Every structure is written in structure tokens, then in C-alpha cells.
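Scroll down for the structure; my scribbles are underneath it.
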Amino acid sequence: MTQIQPRRNYLGALGWIWAGNYKLERYLYIFHRITGLGILLFLLLHLVMTTVFRVQGKEVWEATMEVLHNPWFKVGEYLVVVAFLYHALNGLRLIIQELGFALGRPRPPIYPYKDSLRRKRYWTILIISIVVILCVVFFYDFIAGGW
Amino acid sequence: MDKQVVFKVQRYEPEADGNPHFQEFKIPAKRGMTILDGLIYIKENLDGTLAFRSSCRMAICGSCGMLINNYPHLACHTQIEELRSDIVTVKPLPNLPIVKDLVVDLIPFFNRHKSIKPYIIHPDTKEMENPTAEFVQSPQALEALLQFTYCVKCGICISACPTSASDRLFLGPQALAQCYRYCADTRDGGEEERLTVVDKDHGIWHCHLAGACSEACPKGLDPALAIQLLKRRLIIQAIGLGRKKQPASIVTPPAEVKPKIPFPEFTAKRTE
Amino acid sequence: MRNTYLWLAQLVTGVLIAVLLSIHMVLMHLDAILSFLGVDIKDPTSWHSMIERSRETLWAGLYIALLAIVLYHALNGLRNIILELAPSAATERIITWTIIVFGTIAFVWGTYVPIRLLSG
Amino acid sequence: MTGRKHDVVVLGSGLAGLRAAIEAARNPESDVAIVSKVQLMRSHSVCAEGGTAAVMQPDEGDSFELHAWDTVRGADFLCDQDVVKRFVEEVPKEILLLEHWGIPWSRRSDGRIAQRPFGGHSYNRAVFAADKTGFAEMQTLYDTLLKYANVSRYDECYVSSILIEDNSFCGVTAWNLTSGEFILIQGKALIIATGGACRMFGFTTYSLTATGDGLAMAYRAGLPIKDLEFVQFHPTGLVPSGILITEAARGEGGYLLNNEGKRFMEKYAPSKMEVAPRDIISRAEITEIEEGRGFPGPEGLDYIHIDLRHLGADKINERLPMIREVAMRFNFIDPIYEPIPVRPAAHYFMGGIHTDINGATPMQGIWAAGEVACVSLHGANRLGSNSTAECLVWGKITGEEAAKYAAKHKESPPFKETRLKEEEARVFTRFSSKGKESAYRLRKELQRIMDSQVGVFRTGSGLKEALDRIQEIRQRLPDIKVTDRSRTYNTDLLAALEVENLVDLAQIIVTGALARTESRGAHSRRDFPNRNDDDWLVHTLAHYTPEGPRLDYIPVTITMWQPVERKY
Ligand SMILES: Cc1cc2nc3c(=O)[nH]c(=O)nc-3n(C[C@H](O)[C@H](O)[C@H](O)COP(=O)(O)OP(=O)(O)OC[C@H]3O[C@@H](n4cnc5c(N)ncnc54)[C@H](O)[C@@H]3O)c2cc1C
Ligand code: HEM
Ligand code: SF4
Ligand code: F3S
Ligand code: FES
């Protein structure tokens, strides 16, 4: 008799984004990943820009800056700022919590169960509100700076 | 709550060589009926070929984990009523290979649990082989690990964890939490051995605190917390602040002995 | 302990980036708000102020450090993500080396130019 | 596949099986195999809740003698007293071993192991881990077993028969559910630890997988079965699911109330009240219900209440967390605010495979331990928390004995290839897809008859009727229809095989019960309400014959106490 192999059933990278009806932290995680990669992309572009255009001299540089003041680039830049803010603040939370702080102590579970992350949800709420506030501040700046 | 509920069950027959597909069953649901009861009803009355695991039907053996309406849970621990829907989709747990229908292969998962040395490692081997007295452990010390001993090894956290979704080699929340459980035990002296196991590629650092494991765990464990506490131990060791733990010692015999409680009266006691 | 050190570095660089990049971002983008608060930093993106900054050792040093730190942080993060796709051990090694080489090139590229301008 | 030859084969991975496997594996020479029809740590033993009895505090008033006396009196004197003596002396060592292996025993504030009161014990003797004692023990044993490299595990292998040649063991045949293979596992020594068979009752605390396969297999292989008519009914099975509300709920101070709100136990066992032995409380409950002081329940499951409200939220959450979870989850009742509906549920088989004090069966190379065995420790009624203790003690003893035996015998006994083929054919081709009977329906019929006639109270006429019905069900067995024709994880076929086992065992129970014309412990006949020590202070032995069990009797060993009237 030939041996039947169990069928593979991994969700794969899709499972990072959505695997079920989960709540907040699961999505904070994937946003952290997406923003991280997003800023990385920006960093590379930024690097190319600030070097390539710089070596070509003052005219080219100023022409580029002119282009960059175009509203569409501004919006892109704004998104990078938001992503960065989110990644930075959530990153700080991760650093604190992954070192085992601000999660509480393990206690015997009492039905109905509440895990530590849910008990400490005000952390995540805090981050989200700070991000929102800072976004508004930046947004103001974009408007004041002229689109 | 007497009503008809439709169960959409994912079927997969390995010997027929087909692909997983859904089959629908209509079930009369009563108040107090669990998903497992529903599946048993299907098996006994509608289609005997349906395969699923179950044993204790009281949420303690860990056999019946499955994906119910896109949320992993124990079938015997989910009331049909609380789903508040007339259609229930039941699928095998993701991130684990499927054997048949709702049965998944957990052997690799057990092996990962085994790899973190889930047993007490104590330097005093003589005492370990032939105990003379109990180790002292305060209720507070017990509390620090108690919840992690409640793990029923159901694999639900694996199907919730995003890292496990793509990384087949990832140790997974269950094994990591058990690693913490044994390291945190005051009776244990095997922390160093265990830390080298979790600190490797596809090890503990691929946990990004997504927290889905804690959210989904049907027994109220908080593997996410255990993993972070374990990370703290690793970092402390890495920057050289770790102190070697002294495993607990046995109780000293009590100074005074209370009198035996009086023996109840009975008839003729024979001499031996 | 290798992985632990890698992550520890990720953590430390994360904190450093938070500090350094905040300074950078505030200077670059919050000029309106800063001037509202009474601090005038002129137009930060103009050619003049940029060259000015890259001539000052403090600023230049800061930017070079920031670049190194960010590159480590981001590329190590990227590597972690790729490793989670569970490739074979061989591909894993290739990935690691590609990332190291890429990082070095990016770092040299990003520092060479400012230094040339500095001396030029 | 190779390597299917082992020294010691352990059948079943409950508490007894795991403990035996560890003990055998502690001898690094021996090659141990552990076979279970579920994954190793899923065995029924995880359901055990309340505690494990052991004399842990001899310095504070407890003594071996007292534990022994409680056990003997609880057993209604049908136990072998030399066995009891050995038992009480061995358990504390097992508790300490488990403690060293990392079990989370609940602790007192001074760091020592805590103990709680339990039914029929005259000292707070049950060592416990909240209300998940069996679960904690199982996990600890399972984890510890992982330490040993000389153990091969066969998860989800359904053992279909025990092969015996010339009165000595030579192997077992097993069907690997996940891969579909049918295999032979050869060995020099066998330890049977396959647990009880309470699933023949409809209202039971037992897991769905507790179908007594090992017991039936051993019976068919020619091993005598002892005292099977003694079936314990636990006073507090949750209505309607049968999930156990642990005895610890009463040990911690819960009240049993009838519909007048009265603690009715003061009528039946005034000195012990709710912590009297189980047979007494179960009878009291049924009497209350029959006399109209119960609550009407679904499908005839009338019930009474167990009330924990006065214990307070803290104590319930600390000591009985699972009870609360179960009540809330399955009955939508929070025990902190409401009483829980309960009634007696089939809970334990005092009887089992006949063994001597070492757990050895009459066959060469076969041992039995745990619930499947009957070393005659529990007699006619088991005390709460004595059975997990028994599993540990005889798990250890048999593990040790079997390893010793295997070391002495160099060669595994020869066996005929053809028997494997025959057995394979028997398992897979016996039931066709064209049959007319449903295994599930037959099981339900069996359960109905057992529930109604072989319950807490029995009568001669009821038992006779039950015997006839069982005989009839037996005749319908070959006509079972198995729709699933595959070999991988065919639970349809499994159910059919299990029903067959249940029916065989039910027949032994009823035959034994019909013959025993007295009331003793858990066996309570309405037509013979008194204990009869002159005629019936004997163990029943049932031997297999194709027509049905043949009974004979052996005497009870009495070394310390002569029987006296049993009063609480
Ligand atoms: C709800 C509940 C609560 C309890 N609470 C307590 C308590 O508080 N204190 C106490 O002392 N006792 C208690 N008991 C009793 C005690 O749990 C059992 O007597 C004990 O666990 C039996 O253990 P075991 O090892 O003999 O068998 P089990 O745990 O039943 O194990 C049987 C094993 O045999 C295997 N098996 C069966 N058939 C086959 C086959 N054909 N092929 C292969 N493998 C097979 C099974 O897979 C399983 O691994 C309780 C029982 C119940 C039901
Ligand atoms: C502002 C300061 C920053 C902080 C505090 C920070 C913090 C962190 C932390 C703690 C992690 C690890 C998360 C984990 O795996 O658990 C991380 C991952 C990562 N970071 Fe940052 N970071 C910062 C800035 C940046 C920047 C500027 C970039 C890109 C250029 C970046 C790119 C990444 C990437 C790609 C990852 C991997 C993401 C993942 O594995 O999911 N980070 N960051
Ligand atoms: S940690 Fe929870 S979800 Fe994971 S295996 Fe254990 S009990 Fe299941
Ligand atoms: S879900 Fe996975 S990422 Fe970590 S916190 Fe849990 S293990
Ligand atoms: S059947 Fe045991 S956990 Fe569901």
C-alpha cells in the first residue's frame, strides 16, 4: 500500500494579513511589517535622490525640489511620515513589551479568559491616539507649507 | 432555540485523491448543542464517512480543534447558539497538514514541543530518581507558571500565529510557552540548555507579538506573555546580567509532630 | 546567542533611529511649525542649507551614523521577513549574503557622496 | 517499515500506561513501545478532576492504616487487603515523583503540597492541582516520557487483538489510523492499560473514546475478567451532558439540595454528609428523585442541585475553575450565583482483567494496570481519588516487572504470520457497506437498556430483560453497515468495532450482576437489599466462551479487618 502523505495546508504569507477574525494586535503586527517595508522602500529612493541629484549640482537639485513640492509628492511624503510615526511608536511599544514589561504578570486564568494583551490594550490605544494627533500636526504643516 | 442550522464542512478524502471541497448538512440545533454535537449528529445520521477527532467533549483533551466560522476553536467548547448565524463553516485547522476531512497531522507540532526539553532538569539526580521529600514551592511561585501548565496541546495557537502561517520550521507559541513554563519552575535547573534551543533561526525571535495565539487559546493561556518573558530572560543572559538559578531544595522535616488522629473503632483486627 | 544579539541590535538601532530620525524629520518638515514657535531654520531643503549641513562634521557624522543604523535595522528586518517564508538552508545563506552585500554597497554609496562634497 | 519489535509494549496511554512506559524506559536497556488509539496525551485520564489520595502528612495526623481502613470500608470489604496495604504505602512515593517531575500541585502557604477532603476519606487526603488533577498528571507524565530516547510511540493506532501462543504473549495487531496501515507490533512483555468502558452507558462522565477495547480484547484472548458487575455511579454528573462536576466540589464544601432546598444527605449519611462514599450518595439521589423531590429534567434526566454559592467567587475561581467554566460554557450557569443540576452518572469500572498483586495476569508476559485491571483494590466501591493513585502505583509496578521480564527473556516468542492476515481481514472486511444496522443506533439501544436496567438500583427481572436485549443486539452486530470504505481515519469502522466490544462487556456485567444475589457497594439489588457475607464475599471471574461468559468465583484476601456493617 502506498503511504498517503498529509496534505499541506499552510496559509502562507496571506496568513500574515488575514487568517481569521482576530482583533487589534494581530493587525498592529501586520501594519508594523508593512510600514517597515514601506519606509525601507522610501529610504532607498531617498538615498538615490539625495546622492544622485546632489552630485549633479545646484540646478538639478533645485529643480528636483521643485518637483517634490508638487501636491502628489507631498501626499506621498505625508504617507511616509504617517508610516514612520506608526512604525516608530509601535516599535517602541514592541521593544518595551517584548522585553516583558507592561504586560502584567502571568495569573491563573479565570473564565471568561482575558489575555494580557487585551488587558493592556490601553497601550495600543495610546499609540494610535498619539499617531493620530501627530498626523494632524503634520497635516497642518503640509497645508501651512502650501500644497 | 430550536432551529435548522447549515453546517458547511470542508471534506478531503486522501484516498480519492481529490481537492478539499465543501459539503452542506442541515442540522436541527437545540440550545446547549455544541459544534461537536453537531458533527456527531452528522456522523450518526447523515454521513458516516465524516472524520474528525474528539474524545473528552469537555474541552480538556485538546482533540477537537478546528476552524469554526474562520476562528480556530475547540468544537466541543463552542456553542452553536453563540455563533449567532444559521450557517456554520467548519474547516480543519490551518497551518497544519490535513490527514482527512477535519483531522490534521499534529506530529510535527508534538516534535517541536519535544525539542524544547519539556521536563524538569535538576542537578540532584539521586533525589530525582528516588525522592525523599517534596520540594518547597510557594503558591506565588506556582502562580507564575500555573496558567502555562493548562496547555492542552491542541495546536490552535499555531493556526492563529501569522509566523506559523508561512514558516514551517517556526517553533510556535505552544512550544515557546512551554519552554518558559519549565524555565520559570522553581524546581528546574535546565534554563541554559533550553535557551540555546529556542535561540536559533526559526526560533523565538520570529515571534513579533501578534498576540493572536493568546487571543485564540481556548484554555485562556497567554503564550504571547510567556514568550515575551522568555525573551527577557534571553536578553538578560545575552548582556551578561543573568545569575544562575538555584533549583529549589527539599522540605526539611518538621520539628514537631502532631498526634495521629484517633483511629475509628472496628471489630477484630487480625494480627498479620 | 547569535540571534539574540541580532535582535538586541534591532532593538537598540530602533531606539537610536527614533531619536535621530525624529530630529531629522522635525527639521525637514516642521519648518512652518518651528517658525511659528519662533525658531527660524530657513528653508531646510534648499541647496544652500543642505551643503551647509554636510560641511559641518557634527551633522555629517550624524547622518552617516543614521544611515548605518537604519540600514542595519531595515535590512535585518527584511531578512527576518524573508526567512519566515521558510526557504531551504542554502537559499537562506544566499539571502543573508545578498543582504549583507547590498547593505554595504548602499552604505558606501550613501557616505561616499557627502564625504566627497565635504572635501570638495 | 522496520523496528516493530520491542521489549515492552504498553497498550494505552492513560495515567497507567504512561506511568508504566516511563518506568520501563527508566531501564536504559529496554526498548519500549507505547500504543494508543488517540494521541498520547488525549487519553481519557485527562478528565480526572478532583485529586489523588495519598498519605502525605503523617506528621500531621494521617496514617497508612487510616487510609487502608477507609479504602477497605469504602470497598464494602470486597477488596484484597494485602493489595490495599501495598497501595497505601506506595502512593506517597508516586506523588513525590510527580512532584519532582514538575507537576503543579496546589500548594499550602508554607510551600508544601496541599490536600483536600474527599468522599469516604477520614482525613483531608486528596492531593490536587486545582480541579485538573488528572490533566496535570497526564501532562507531567507525557512531558517526562519525552525525556527517554528508548520509547517509540504509536499515536492513533487502534489495537484490534492481542496475540497469544502457548499461554504467552507474542504481539498485538494494530491499525494505524492516520496512515491506514495494518501492523504487527511484537514484544516480549505487554502491559494492558486501556481504561474503562463506561461508554456503554448513555449518561456517563466518560470520554467518547472510553469504549473498553482492551478489556474486550483481553476477554476474547482468554484472560479472565473479575468483578465487572461493580460499576460506580458518580453522584454529580452535569445534566444533560454527563460532564463530571468533581467530587472536590463537595470536598470543598458544596451542598447537595433537593427541590425543597434541603441538604438531604443528613438522612442517609449524617456523619459524612456530602463527603460520604459515592455509592451511598448516588443511591440517596436516586431515592430523592424517585420520591418526587427532584427537578424534572430533559429526556427523563431528572436532577437535584449541587450548590456552591456559599463558597464565594474567590474559592470557586481558585479551587474549582474548570467546574465554573464547564457550567458556564455548557449549561449557561455561573455556579457563583446559581446551583448546578446534577444526577448520578456511570463513572468507573471497579472490575477488570484479573491480576495478582503485581498486576500480572494468568498469561505469561502480560500485565494489566489502571482501570482496565482489577487488582482488587476498590472492591465493590471505589473511593474518590483512589483510582488515579492506583493507576500510578500499578503503572509503576507493572512497568518495572515487565521490563525485568523482558530483560530475562532474550528472544521474543515466535508467531504465525497468517494470524496477522486473518486479523486484518477480520477488521476490514467483516462489515459491509450493504448492512442494515447502524453502529450508532445499536450503541444507543445498548446505552438505553444499560441506563434503565443496570443503573444505580438493579432488579432481577430488569437484569434478565437487559440480558435478553443485549443478546439480541449481539445478534444484529454482524449486519452493521459501514459506509466509509477507506482505511485512513475511518471512524465509521472504528465505531462499529467499538460497539462490538461494548456489547461483549455489557454481557459480562449483566451476567455477573444477575448471579450476585446481594447488595454490596455499588451493586445494589432491590430484590436483595442486604449484604450477604456468607455466600458472596467472593470475587466473580468471567471466562470467555463463544456462547457468553462462564462465571466462577475466588475468595477475597482478608489480612487485617473482618467485615463489619458499613455505616457513615
Ligand atoms: C470525569 C472523570 C473524573 C475523574 N476524576 C477522578 C479523580 O478525581 N480522582 C481519581 O482518582 N480518579 C478519577 N477518575 C477516574 C480515573 O480518571 C480513571 O480511572 C483513570 O484515569 C483511568 O486511567 P487509565 O490509565 O486506566 O485509562 P485511560 O486514561 O482511560 O486510558 C486508556 C488508554 O487506552 C487507549 N486505548 C483504549 N483502547 C485502545 C485500543 N483498542 N487500541 C489502542 N489503545 C487503546 C486509549 O487511547 C487510552 O490511551 C475520574 C474519571 C472520570 C471519567
Ligand atoms: C523610529 C524608530 C524605529 C523603531 C523604534 C523601530 C522599531 C522596530 C522594531 C522593534 C522592530 C522589530 C519588530 C519585531 O520583529 O518584533 C522593527 C522591525 C522593522 N523595522 Fe523598524 N523601527 C524604527 C524605524 C525603522 C525604519 C526607519 C525602517 C526602515 C527604513 C524600519 C524598518 C523595519 C523593518 C523592515 C522591520 C522588520 C519588520 C518585521 O519583521 O515585521 N524601521 N522596527
Ligand atoms: S497554548 Fe493554548 S492554543 Fe496553544 S496548544 Fe496550548 S492550549 Fe492550545
Ligand atoms: S501569534 Fe505568533 S507572533 Fe508571537 S505573540 Fe503569538 S507567537
Ligand atoms: S473533545 Fe476533548 S477538547 Fe474537545
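Summary of values
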{"read-out": "Qualifying positions in region B:109-121 - more than 7 Å from every other protein chain (Cβ to nearest Cβ) and in contact (Cβ under 8 Å) with a residue 12 or more places away in the chain", "value": "B:Phe109, B:Phe110, B:Arg112, B:His113, B:Ser115, B:Ile116, B:Lys117, B:Ile121"}
{"read-out": "Number of the condition not met by B:Ile158 [criteria: (1) more than 17 Å from the chain's Cα centre (by Cα); (2) farther than 20 Å from A:Gly91 by Cα]", "value": "(1)"}
{"read-out": "Options A:Pro108, A:Pro71, A:Pro112; residue that is touching a residue at least 40 places away in the same chain (Cβ under 8 Å) and over 22 Å from A:Gly36 (Cβ atoms)", "value": "A:Pro71"}
{"read-out": "Residue within region D:358-368 that is under 30 Å from D:Tyr568 (Cα atoms) and either within 16 Å of ligand 4 (Cβ to nearest atom) or surrounded by 24 or more Cβ atoms within 10 Å (Cβ to Cβ) (or both) present", "value": "no"}
{"read-out": "Per-region count, region D:203-234, residues more than 13 Å from D:Glu498 (Cα to Cα) and under 16 Å from the mean Cα position of the chain (by Cα)", "value": "16"}
{"read-out": "Residue count for region D:166-200, restricted to those that are over 25 Å from D:Glu401 (Cβ atoms) and touching an Asp or Glu at 6+ places or on another chain (Cβ under 6 Å)", "value": "3"}
{"read-out": "Lone unmet requirement of (1) under 30 Å from D:Glu424 (Cα atoms); (2) in a helix (DSSP H, G or I) for D:Arg153", "value": "(2)"}
{"read-out": "Complete set of residues in region D:219-253 that are of a type in the set (Ser, Thr, Tyr) and surrounded by fewer than 24 Cβ atoms within 10 Å (Cβ to Cβ)", "value": "D:Tyr219, D:Ser241"}
{"read-out": "Residue, surrounded by the fewest Cβ atoms within 10 Å (Cβ to Cβ), within region B:219-243, restricted to residues that are more than 23 Å from A:Ile30 (Cα to Cα) and within 13 Å of ligand 3 (Cβ to nearest atom)", "value": "B:Gly220"}
{"read-out": "Those helices (runs of 4 or more DSSP H) lying entirely in region D:267-376 with at least 3 residues under 25 Å from D:Ala513 (Cβ atoms)", "value": "D:278-290"}
{"read-out": "Residue check, B:Leu169 over 24 Å from D:Gly102 (Cα atoms), within 16 Å of ligand 4 (Cβ to nearest atom), assigned to a loop (DSSP other than H, G, I, E, B) and in contact with a helix residue (DSSP H, G or I) (Cβ under 6 Å, 6 or more places away or on another chain)", "value": "no"}
{"read-out": "Qualifying positions in region B:217-237 - among the charged types (D, E, K, R) and in a helix (DSSP H, G or I)", "value": "B:Lys231, B:Arg232, B:Arg233"}
{"read-out": "Inter-residue pairs, beta-carbon under 8 Å, first within 9 Å of another protein chain (Cβ to nearest Cβ) and closer than 18 Å to B:Asp37 by Cβ and in region B:77-105, second surrounded by fewer than 22 Cβ atoms within 10 Å (Cβ to Cβ) and of a type in the set (Asp, Glu), 6+ apart", "value": "B:Asp101/B:Glu13"}
{"read-out": "Pair list, Cβ < 6 Å and 6+ apart or interchain, from region B:38-67 residues that are within 27 Å of D:Met41 (Cβ to Cβ) to residues that are within 16 Å of ligand 4 (Cβ to nearest atom) and outside any loop (DSSP other than H, G, I, E, B)", "value": "B:Gly65/B:Ile156"}
{"read-out": "Subset of region B:199-234 that is in contact (Cβ under 8 Å) with a residue 60 or more places away in the chain and at the interface with chain A (Cβ under 8 Å from one of its Cβ atoms) - its residue that is farthest from C:Leu8 (Cα to Cα)", "value": "B:Lys219"}
{"read-out": "In region D:121-138, residue nearest to ligand 5 (Cβ to nearest atom) [restricted to those that are touching a Phe, Trp or Tyr at 6+ places or on another chain (Cβ under 8 Å) and more than 11 Å from every other protein chain (Cβ to nearest Cβ)]", "value": "D:Phe128"}
{"read-out": "Single unsatisfied condition, B:Tyr41 versus (1) crowded, with 20+ Cβ neighbours inside 10 Å; (2) assigned to a helix (DSSP H, G or I)", "value": "(1)"}
{"read-out": "Selected residue [touching a helix residue (DSSP H, G or I) at 6+ places or on another chain (Cβ under 8 Å), of a type in the set (D, E, K, R) and either modelled with pLDDT of 95 or more or surrounded by fewer than 18 Cβ atoms within 10 Å (Cβ to Cβ) (or both)] from B:Arg57, B:Arg112", "value": "B:Arg112"}
{"read-out": "Filtered residues of region D:403-439 (kept if under 15 Å from D:Ile185 (Cα atoms) and either assigned to a loop (DSSP other than H, G, I, E, B) or without any contact (Cβ under 8 Å) to a residue 24 or more places away in the chain (or both))", "value": "D:Glu411, D:Ser412, D:Pro413, D:Pro414, D:Phe415, D:Lys416, D:Glu417, D:Thr418, D:Lys421"}
{"read-out": "Options C:Leu75, C:Leu27, C:Leu20, C:Leu62: the member that is under 30 Å from B:Lys200 (Cα atoms) and at pLDDT 75 or above", "value": "C:Leu75"}
{"read-out": "3 or more residues modelled with pLDDT under 85, on the phi < 0 side of the Ramachandran plot and away from ligand 4 (no atom under 14 Å from the Cβ): qualifying helices (runs of 4 or more DSSP H) within region A:18-123", "value": "A:58-68, A:71-98"}
{"read-out": "Cross-chain or 6+ apart pairs with Cβ under 8 Å, region B:145-157 first and more than 8 Å from every other protein chain (Cβ to nearest Cβ) and touching a residue at least 24 places away in the same chain (Cβ under 8 Å), then hydrophobic (A, V, I, L, M, F, W, C) and within 16 Å of ligand 2 (Cβ to nearest atom)", "value": "B:Cys157/B:Ala212; B:Cys157/B:Cys213"}
{"read-out": "Qualifying residue in region B:132-152 (condition: surrounded by 24 or more Cβ atoms within 10 Å (Cβ to Cβ), assigned by TED's automatic domain parsing to the domain that holds B:Ala224 and within 16 Å of ligand 1 (Cβ to nearest atom))", "value": "yes"}
{"read-out": "Checklist (1) closer than 29 Å to D:Lys132 by Cβ; (2) modelled with pLDDT of 95 or more; (3) of a type in the set (Lys, Arg) applied to B:Lys30, failing item", "value": "(2)"}
{"read-out": "Residues of region B:152-186 that turn out to be of a type in the set (Lys, Arg) and at pLDDT 95 or above, as a count", "value": "2"}
{"read-out": "Filter result (more than 12 Å from ligand 5 (Cβ to nearest atom), small (Gly, Ala, Ser) and part of a loop (DSSP other than H, G, I, E, B)) within region B:136-162", "value": "B:Ser138"}
{"read-out": "Region A:5-17 - residue that is at pLDDT 85 or above and more than 7 Å from every other protein chain (Cβ to nearest Cβ) and, of those, nearest to D:Ser179 (Cα to Cα)", "value": "A:Leu14"}
{"read-out": "Residues of region D:139-148 satisfying the condition of being in a helix (DSSP H, G or I) and either more than 9 Å from every other protein chain (Cβ to nearest Cβ) or within 16 Å of D:Gly399 (Cα to Cα) (or both)", "value": "D:Leu141, D:Tyr142, D:Thr144, D:Leu145"}
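The values are calculated or read from the model by the stated rules, or taken from the named source; none is laboratory data. Since we're looking at a predicted model, the values are computed, not measured. Every residue, glycine among them, receives a Cβ derived from its backbone with ideal geometry; neighbour counts consider all protein chains shown.
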